[in-house]
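Since the structure comes first, as structure tokens, the remarks are kept for the end.
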Amino acid sequence: MKWLLSLLAALLPLTAQAAELKMVTESYPPFNFREGDTYKGASVEQVRLLMEDAGIDHTMEMMPWARALFLAENHAMHCVFTTVHNQERDRRFKWIEPLLTSRTVLIRKTGSKANPKSIEEAKAFRVGTQRDDFTQTILEQNGFPRIDLAADLQLTLKKLMTGRIDLMPISEKYYVSLKRDGQPIESTLILAEDIYSIACNPSVPDELIGRMQKSLDKIIADGTQQRLFEKYGLASDQKE
């Protein structure tokens, strides 16, 4: 009997460790960003709140998007956010949603001659985005011939400002945030409407997924999600 109790005691730390989720994300303000040593943003705060409510141990790390997506798809007990839930990704992950809904727009630098009014017209220009971002899939599926890929969103935006690319697809919410911060950019057309979510590796137990979804539903129902949108300047866009 003693040996059985000893075995159970030894397994308890392993069970607790196995239940810890690794939450990975990218720098994409105002949803996820770093301020000093602190992670902030409308999505970051939602994830923290729902994980606390669900009683699930977790860590959070920020990294380039392609690596974050790779880890969530290929490593057990990993989840990535803020992730667009589209058909191409649907069966590769388990989903908790919505962290938010938004449209994806093509933007240009203010005053640029690149001013397409349709997707067909936009194909004549150089379009930049992040490697393995969902917008890369949108551009490829629509037959854009010149796609410039960068490691992260900030580098893509820098290329837009310096004229190395003509157009850039981003979330409409992020576009509103950049305009508010004084960035010289303009929206040209809408590419898609999207649901942004937490995408988890299939190894994450359904029981944990269910608890996370229940906790997210709760912060949506009690108005917490909307208050976070307001806190980060997303409220007006969210109501459209």
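Once the gyration tensor of the Cα atoms in the stretch 15-95 is diagonalised, the equivalent ellipsoid follows with semi-axes of 18, 17, 12 Å, ordered largest first. Over all orientations, the stretch 174-240 has a Cα convex hull whose mean projected area works out to 6.4 square nanometres.
In percent, rounded to a whole number, the relative contact order of the stretch 102-194 is 51, using alpha-carbon pairs under 8 Å and six or more apart. Computed per residue of the chain from DSSP H runs no shorter than four, each worth -39500 (n - 2.57), the mean residue ellipticity at 222 nm is -12000 deg cm²/dmol.
Considered as an equivalent ellipsoid built on the Cα gyration tensor, the stretch 102-194 has semi-axes of 17, 14, 14 Å, the largest given first. Calculate how steeply helix 153-162 sits against the longest principal axis of the alpha-carbon atoms of the chain, using the helix alpha-carbon long axis, and give the answer as 0 to 90 degrees to the nearest 10. That works out to roughly 10 degrees. Taken along its three principal axes, the alpha carbon spread of the stretch 49-175 comes to 52, 26, 24 Å, from the longest extent down to the shortest.
Between D148 and D206, full extension at 0.36 nm per residue minus the direct alpha carbon distance yields a gain of 17.1 nm. Ordered by the number of other Cβ atoms lying within 10 Å of each residue's own Cβ, fewest first, W95, W65 fall into the sequence W95, W65. Listed from fewest to most Cβ neighbours within 10 Å, the set F93, F31 follows the order F93, F31. Calculate, for E88 and D217, the FRET efficiency according to 1/(1 + (r/R0)^6) with r their C-beta to C-beta distance and R0 30 Å; round to the nearest 0.05. After rounding, the FRET efficiency stands at 0.70. Size descriptors for the chain: radius of gyration and Dmax over Cα atoms are 19.8, 79 Å. Quick check on my link table: of K40/K94; K94/K159; K40/K117, which ones sit more than 27 Å apart, alpha carbon to alpha carbon? In this structure, K94/K159; K40/K117 lie more than 27 Å apart at Cα.
Hey, could you get me the Stokes-Einstein D for the stretch 141-198, Kirkwood radius over alpha-carbon pairs, 20 °C and 1.002 mPa s, rounded to whole µm² s⁻¹? This corresponds to a translational diffusion coefficient of 166 µm²/s.
Leaving out same-chain residues fewer than 8 places away, which aspartates and glutamates sit with a Cα under 20 Å from that of K109? Straight-distance partners of K109: E120, E121, D148, D152, D166, E172, D181, E186. If I fit a long axis through the Cα atoms of helix 2-18 and take the longest principal axis of the Cα atoms of the chain, what angle between them do I get, 0 to 90°, rounded to 10? Taking Cα atoms only, the helix is inclined about 10 degrees.
We did not get these values from a lab; they are worked out from the coordinates using the rules stated. Just so you know, these numbers come straight off a predicted model, no measurement behind them. Reconstructed Cβ throughout: ideal geometry from the backbone, glycine too, with neighbour counts over all protein chains shown.
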